Ligand SMILES: Nc1ncnc2c1ncn2[C@@H]1O[C@H](COP(=O)(O)OP(=O)(O)OP(=O)(O)O)[C@@H](O)[C@H]1O
Ligand SMILES: [Mg+2]
C-alpha cells in the first residue's frame, strides 16, 4: 500500500526542484527569477494553490500557461468578471434535457425514481472548476483576475482551494482524483478575503530587472538587435520611475520591440521614441509627461 508520506517527490507531476522549475519554464519561453521558480516548485510540491498578485502585464497569466506547457498539462481557465456565478464557474443542470426526460418518462414511474434519473452526470453541464477537479490527467487550473469577481464568488472557491472538492447537493461531493496545479491571479484592485489568502501560497510579481527584461525581449522578438533591446529596456525603466497613470509593462516592452523591427528602426533615439510612443504609453497625459521629463526633443 502506498501511504501519502511514501510518495517519492522525484515522481511528482510538477517540478523536482526550484532549479528544475527555472530550467523547464525557461525552455518554454518563460524567464523566471529565483523567487518565482521557487514558488512554482513549491506550488506543485505542497499541492497548494498559488495567489499571484502584481501590476498589469508582468506575466501572471503567462506563468500559468508556461507551467502547463512545461509539464505537458492541460490548462483550464476560469476568467473572472463581475457577475460571475456558480452556474458559470462550477456547474449547471441541463434543465431542457431534464424536462425532456421527464416528459418522456412513463407516468407510472414514481417521483423518487425520476428524481434519481435526472440528477445524474448525463444532465450535468460542468464548468471550469468542476472540470478541473474531475480530470484524471495533469491539469493547471488558472483562476484569472479573481479580484474582478464579487466577494461572494470567493465563498465558492473556498471548498476547492482547501479540499479540492465540490459539493453538488443532488449528487454528493466530488473530490479531485488528481489535484490540479492551481494559480489565481489578481491585480489587487481590491483586497481578497483572508479566508482565500490563508489557503494559498502568495507571490508578488513585479517588473523584472533590466537584464531579465532584455532577455525576455530578445527571446520573444526575432530580429531585434541586442543594442536596441538594451536601449528600449533602459527607456522603459526610466518611464516606470515617472509618476504615470499606467506604467509600461513587459507586454509593452515586447510590443515596442516588435514595432521597432517592423519599422526597421535600428537606433532608439529621441525621434524614434516620440514616433512610437503610442505603443508604450496609452494615456495622453502619460505621453506628455514622458516627453517633458525624459526631455525628448519634439
Ligand atoms: N517572465 C516572462 N518571460 C517571458 N515573457 C513574459 C514574462 N513575463 C511576461 N511576459 C510577457 O508579457 C506578456 C504579458 O503577460 P501576462 O498577460 O501574463 O500579464 P498579466 O500579469 O497577466 O497582466 P494582466 O494583469 O493585465 O492580466 C506575456 O504575453 C508575455 O509575452
Ligand atoms: Mg493576466
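Brief remarks on what is shown
- Full extension of the segment from residue 147 to residue 261, taken as 0.36 nm per residue of separation minus the current Cα-Cα distance, would add 37.4 nm.
- Given their separation in residues at 0.36 nm each and the Cα-Cα distance between them, residue 245 and residue 190 gain 18.0 nm when the chain is fully extended.
- Mean ellipticity per residue at 222 nm, deg cm²/dmol - from DSSP H runs of n ≥ 4 across the chain, formula -39500 (n - 2.57): -13500 deg cm²/dmol
- Tail fraction, Cα-Cα pairs, region 128-232, threshold 16 Å, whole percent: 67 percent
- If R0 equals 41 Å, the separation of the Cβ atoms of residue 47 and residue 227 corresponds to a calculated FRET efficiency of about 0.35.
- Beta bridge orientation in the chain: antiparallel %, DSSP, nearest 5: 30 percent
- Calculated P(r) tail over 29 Å for the chain, as whole % of Cα pairs: 49 percent
- The chain: angle of helix 250-262 to the longest principal axis, Cα-based, in degrees nearest 10: 60 degrees
- Helix axis angle, 34-46 relative to the chain longest principal axis, alpha carbon, degrees: 10 degrees
- Annotation for residue 270 and residue 134: the two label points, set 7 Å from Cα along the Cα-Cβ direction, are 6.4 nm apart.
- Spin-label model distance (nm) - residue 23 vs residue 106, 7 Å beyond Cα toward Cβ: 6.5 nm
- The angle between the Cα long axis of helix 18-27 and the main principal axis of the chain comes to about 70°, on a 0 to 90 degree scale.
- Compared with the alpha-carbon gap, the fully stretched path from residue 34 to residue 170 is longer by 44.4 nm at 0.36 nm per residue.
- Residue 120 paired with residue 96, simple spin-label distance in nm, labels 7 Å along Cα-to-beta-carbon: 2.2 nm
Quick note: the coordinates plus some simple rules give every number you see, no bench work behind them. In this text, all values refer to a predicted model and were calculated from it rather than measured experimentally. Note that each Cβ is placed from the backbone with ideal geometry, even for glycine, and that neighbours are counted across all protein chains shown.
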